[in-house]
Structure formats: C-alpha cells, structure tokens
Amino acid sequence: MNNSVSNTARLLGAGLRALLVLTLVTGVLYPLVVTGVAQALFNGKANGSEVEADGRVVGSSLIGQTYNLPLKEGRETPEPDLKWFQGRPQNGLGTNSVNTQYALILSGATNRSGDNEELVRWVKEAKAAVVEDNSTADHRVEPSDVPADAVTSSGSGLDPDISPAYADLQVHRVAERNGLTPEQVQALVDRHTEGRTLGFLGEPRVNVLELNIALKALVAKS
C-alpha cells in the first residue's frame, strides 16, 4: 500500500514538473524568441504591415478598404467616391455586428458557381456600373475593356490589390475628378505597379491603399 502511494506521488510530481517545464518553454520562452526575431527582422510584417500617411496609421497593405461617400438616407449601400481608385467588389459579405466602434470589412466569399443566376446578374450590373463610372467626356470605356477583378470579389473579399488593367481603366476618371491630367495619373499607376513575386509567382498588381495615398499627395502638390 505504501509503495503504491509512493509511486503515485512520484508520478504526479514528475508530471507536474514536466507540465511546468513545458509551460515555461512552449508558453513563455518560445513565444518570446519568435516575437523577438519577428520584431528584429520583420518588424513591419510582424506588426500587421501597417501603412502610414500624414503621421498616422491608415490601414494595412494586406487588407482592402472601401472608398465610399457617406451613406445617403433611403439607400442600403453607399455610393463609391469616384475621386479615388476603387478596389474589388465586396458582394456577398456580411455586416459587422461584433464590433460597432470600427467599420470592419468581414472576410467571406460568395460561394456561388459560375453559372449562378444571381452571380451573373451581379457581374452584369457591376460591369455596367464600371463602364458608366469610368467613362469621361473625352474617354469612353468599352465593356470589353473591363477586367474580371473589376466585377468579382476575391475569395476572402479583402483583396488589397487590383490588376494593372483595372487601375489603368480608372485613370481618366480619377484625373478628371481631381483636376489632373491622365498622364500624371497614369505615371502614378505605373510607379505603384508591382511585378510577379520573385519574378514568377502570382500576377502583376497595384495596391489600392498605397496608390490612393500617393494620389492624395499628388493632388496636394497640384
């Protein structure tokens, strides 16, 4: 009987010591080392790839934003503010009911097949809106000019980038709305167009937030 109690106590003690050691190593030391290395070598990425403008953080380069006018009375969705470059559509996303202090963009896909009638209607309506919004007095956008990312959301709905083709399509409208020349705005797009990662991964892209920050600076100078 005494041996049984002694063995049990010894096993419990060994288990408790193992728990404490593993808690210290995996719960304290390992996170501190990983956090320290991340802060030292990848500070920007470790802190959320924050983007600053005018001395304050205005977003993350990894998360898309909306550029809309204030919601008008009687409308369910706000209209886009057409002086800014617009990102990809966010159809199918839910509304933020968890944290009402900030206007969060919730991640979510539409999960509809390519021949879904509702999706087809969305795409047609989106294409017509893109053509109308981006056509100016001296530049007509044709439906065939509208790229796929202008009328479809990404899998998460949070894509921060658009294709160079969609950015180029918006140049004349942005120039007209901001009192700039198309050449000035096109040069801005060209400077903010990134190539494929490592030269072969993904597609060329333009970060909308960073492009709009540069646009704001250009308008201020002009």
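The values are calculated or read from the model by the stated rules, or taken from the named source; none is laboratory data. What you see is a predicted model; the values in this text were computed from it and never measured. Cβ: placed from backbone, ideal geometry, glycine included. Neighbour counts: every protein chain shown.
List of remarks:
- Being closer than 18 Å to Ser60 by Cβ, of a type outside the set (A, V, I, L, M, F, W, C) and outside any strand (DSSP E or B) holds for only one residue in Glu210, Glu125, and it is Glu210.
- The set of residues from region 35-89 being surrounded by fewer than 12 Cβ atoms within 10 Å (Cβ to Cβ), of a type in the set (S, T, N, Q) and not in a helix (DSSP H, G or I) comprises just one member, Thr77.
- Val37 satisfies every condition listed in (1) among the β-branched types (Val, Ile, Thr); (2) assigned by TED's automatic domain parsing to the domain that holds Gln90; (3) free of Cβ contacts under 8 Å to residues at least 12 places away in the same chain except (2).
- Residue that is nearest to Pro80 (Cα to Cα), among those in region 173-222 that are out of contact with any strand residue (DSSP E or B) (no Cβ under 7 Å at 6 or more places or on another chain) and hydroxyl-bearing (Ser, Thr, Tyr): Thr181
- Residue in region 199-220 that is in contact with a Gly (Cβ under 6 Å, 6 or more places away or on another chain) and in contact (Cβ under 8 Å) with a residue 60 or more places away in the chain present: yes
- Residue in region 171-178 that is in contact (Cβ under 8 Å) with a residue 60 or more places away in the chain and either in contact with a Gly (Cβ under 8 Å, 6 or more places away or on another chain) or more than 18 Å from Arg88 (Cβ to Cβ) (or both) present: yes
- If you filter region 156-183 down to residues that are over 20 Å from Glu194 (Cα atoms) and among the hydroxyl-bearing types (Ser, Thr, Tyr), you find that the one that is surrounded by the fewest Cβ atoms within 10 Å (Cβ to Cβ) is Thr181.
- With respect to the conditions (1) touching a Leu at 6+ places or on another chain (Cβ under 8 Å); (2) buried (at least 17 other Cβ atoms within 10 Å of the Cβ), Val219 falls short on a single one, namely (2).
- When restricted to residues that are outside any loop (DSSP other than H, G, I, E, B), farther than 27 Å from Gly114 by Cα and in contact with a helix residue (DSSP H, G or I) (Cβ under 9 Å, 6 or more places away or on another chain), region 142-186 contains 12.
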